[in-house]
Each structure stands twice: as C-alpha cells, then as structure tokens.
1. What value does the chain have for Rg/Rh, both radii from Cα atoms and Rh as Kirkwood defines it?
2. Please give the length that would be gained between Glu21 and Glu130 if that part of the chain were fully extended, namely 0.36 nm times their separation in residues minus their C-alpha to C-alpha distance (nm, one decimal).
3. Give me, ordered by chain and number, the residues 5 or more places off Thr219 or on other chains with an amide H under 5 Å from its own placed amide H.
4. For region 37-101, which trypsin sites (Lys or Arg not before Pro) are in a loop by DSSP, counting at most 12 other Cβ atoms within 10 Å?
5. Would you mind ranking Ile48, Ile147 so that the residue whose beta carbon has the fewest other beta carbons within 10 Å leads the list?
6. Can you tell me the length gained on complete extension of the stretch Ser110 to Arg36, counting 0.36 nm per residue apart and subtracting the Cα distance?
7. For region 51-101, what's the radius of gyration and Dmax over Cα atoms, in angstrom?
8. For region 30-127, state which chymotrypsin sites (Phe, Trp or Tyr not before Pro) are in a DSSP loop and have at most 16 other beta carbons lying within 10 Å of their beta carbon.
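Derivation of every value follows stated rules applied to the coordinates shown; laboratory data play no part. Just so you know, these numbers come straight off a predicted model, no measurement behind them. Every residue, glycine among them, receives a Cβ derived from its backbone with ideal geometry; neighbour counts consider all protein chains shown.
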Amino acid sequence: MKFTKMHGAGNDYVYVNCFEEKVDDPASLARQVSDRHFGIGSDGLILILPSECADLRMRMFNADGSEAEMCGNGIRCVAKYAYDHGLVQKSEISVETGNGVLELNALLNSKNRVHSVCVGMGRPRLTRAELPMTGPASEQALNVPLIVAGQHLQLTCVSMGNPHAVIYVADVEKFPVTEIGPQIEHHPWFPRRINVEFVQIISSGEVIQRTWERGAGETLACGTGAAAVTVAGVLTGRTGRTITNHLRGGDLFMEWLHDGEVLMTGPAVEVFSGVYAPN
C-alpha cells in the first residue's frame with residue numbers, strides 16, 4: 001500500500017490516496033501504521049476518497065482505531081496532497097467530512113506548491129446535546145466546575161464537529177496534562193469521550209495550547225481544538241475573536257467571524273512517501 005506521511009503543526013498522520021488504493025479495515029490499519037515503534041508512526045490514519053458532494057472526502061482514524069468526525073490539522077494536509085499530487089486543479093477545495101463539507105483555500109509558494117491552508121471550520125455547536133454531554137440538553141457548558149485528581153477545574157465545552165473541553169490554567173507547561181487529560185476524556189459526562197485543551201492566556205489575542213486528544217493521547221497540535229479555544233475565549237470573555245495560538249508543533253492563526261464561521265490558517269507539510277507492507 002502506498003502512503004504519504006504529512007503533518008500540520010506537528011500533528012502527523014499517514015495519508016492514503018484511495019483514488020488508487022483500497023483499504024478494507026481502516027480501524028485496524030490505523031492502529032498498525034500509527035505505532036511509532038512497529039509501524040510508520042503517527043497520530044492516526046487519514047483516507048483521501050472520492051466524494052459525491054465535494055472535490056474530495058476525508059475519513060480520519062485515531063491511533064487507537066476510533067474514527068473521528070473531523071481533524072483541522074489533517075484536513076489542511078488533505079488539501080495540500082490533493083493540489084500538489086494533481087487530484088484537483090484549483091486552490092479552492094471542498095472536502096466532505098464527518099462534520100459536513102468544508103471549504104479550504106490553499107496558499108501557494110513560488111514553486112506552485114501548497115505551504116499553508118486556510119480552512120473554514122464551520123460553526124461551533126454549543127449545547128450539551130450537540131457535544132454530547134450529560135445534563136440539560138439545551139444548556140451551554142460554560143465554566144462548569146469539575147474536580148479531577150485534586151485539581152479544581154472549570155470546563156467550557158464546544159463541538160467543532162468533534163467535542164472539546166477547554167480548560168484555562170496558569171502555566172500550561174507545568175500542568176499535568178498526561179494525568180488529567182485521560183480522566184476527563186473518559187469522564188461519565190461525555191458518552192462519546194472528549195478532547196481536552198489546556199490553555200494559558202498570554203493576552204487577549206494570544207494563547208498557548210496543549211491538547212489531550214481523544215483516542216491519541218497528547219498531540220503536538222489540534223486544529224479543531226484551536227477552533228474550540230477561539231470560541232471558548234470569546235464566550236467566557238477571556239480573548240478576542242482573532243488570536244494567535246501557540247501549540248507545541250507550531251502556530252495557528254484563528255478568527256471567529258461574526259457570521260459564526262471559524263477560520264483557521266496554518267502550515268501543511270509533506271514529510272515522505274513510501275510503501276507499507278505489513279507482515
């Protein structure tokens with residue numbers, strides 16, 4: 001099976017061009033290729049497929065084999081692959097996802113290759129029912145108190161097609177993300193589990209984010225998480241509608257438009273291609 005390894009701000013995936021390749025069991029394949037010792041090594045597997053309603057279709061599987069609705073960093077690399085490898089002949093690209101059809105604008109360098117991508121991430125879903133989260137279905141989860149491992153936390157929950165809990169901390173580098181993250185991911189409040197963003201505010205226009213990603217553990221970046229952080233900052237009065245988000249793998253530039261759409265601009269990088277031949 002031919003594959004391409006790509007990353008967006010360090011959030012890395014194995015991509016398979018399913019215009020040419022066939023994947024019968026993507027969940028099992030995701031677990032195999034994601035293993036950083038016995039596989040290729042990645043945060044998951046992304047399939048690039050034909051679509052009946054867009055230029056392309058994306059399916060994304062976490063390292064544990066679970067399928068996610070969307071991946072903001074991953075979809076930027078889908079656009080780069082599609083343009084650079086000739087699946088599309090235009091820089092404005094529509095991609096079908098588990099969160100509907102999203103519109104992307106690929107930004108080109110002097111060699112006519114994609115170096116970064118602006119993604120319309122869609123509109124946030126804010127009620128507990130839409131996350132999903134237990135409790136009153138129509139209620140928004142803003143600054144909800146929760147004690148985990150002796151830590152007194154406040155959660156603001158936002159769905160960008162997949163669910164996120166945003167937690168603001170004083171020093172994100174010192175915070176025990178790998179201890180607290182999995183306990184919130186599997187908390188009974190969240191029947192489909194949840195991604196967790198730990199955020200330190202630098203100013204009204206600048207934050208630092210670490211992510212515990214559902215099904216993958218801590219990742220270097222999370223695009224839908226950065227979108228959720230943008231929305232949560234506005235809803236709780238902590239940040240403005242335009243922010244620079246510093247993640248461990250790089251920076252994302254975010255804006256929550258007044259019409260409700262969240263825009264994300266960030267890098268898309270092809271690392272290498274190869275042939276995967278499992279035993």
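1. Working: Rg = 17.9 Å, Rh = 18.7 Å.
Using Cα coordinates only, the ratio equals 0.96.
2. So the chain would gain 35.8 nm between Glu21 and Glu130.
3. Residues meeting the criterion, in which the H sits 1.01 Å from N, are Thr211, Glu213.
4. Lys90
5. Ile147, Ile48
6. Additional length available on full extension: 23.2 nm.
7. Reported Rg and Dmax, both Å: 11.1, 34.
8. Of the chymotrypsin sites (Phe, Trp or Tyr not before Pro), the ones in loops of region 30-127 whose Cβ has at most 16 other Cβ atoms within 10 Å are Phe38.
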